[in-house]
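The values are calculated or read from the model by the stated rules, or taken from the named source; none is laboratory data. It should be emphasised that the depicted structure is a prediction, and the values quoted were computed from it without experimental measurement. Note: accessible area is taken over every heavy atom of the protein model, side chains too, but ligands, DNA and RNA are not part of it. Shrake-Rupley method; radii C 1.70, N 1.55, O 1.52, S 1.80 Å.
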Amino acid sequence: MNPIELLFIDHAKERYLEDLQALEDLLEPNALVLLDNTFNRASECKDAVAYVAANYYSAIFTEPPVGDEE
């Protein structure tokens, strides 16, 4: 099986770190790990964000605002 080069995680935020760690043996050493909705839900996944930032190429996605907020 080929190693995973890109991993996109978007599910229960409190499980991000646990599930990422469960997959680590399958990841390429320089894998790109993407975590969704981590800005507006930071309290639920801050440990995962810190872990990914320290160990992988990473990106953080946020949800765009919905509706007119003026």
| message | Please compute the volume of the convex hull spanned by the alpha-carbon atoms of the stretch 1-60 and report it per residue in Å³. | response | 69
| How much area per residue is accessible in the stretch 1-48 when the probe is 1.4 Å and only protein heavy atoms are counted (Å²)? | 65
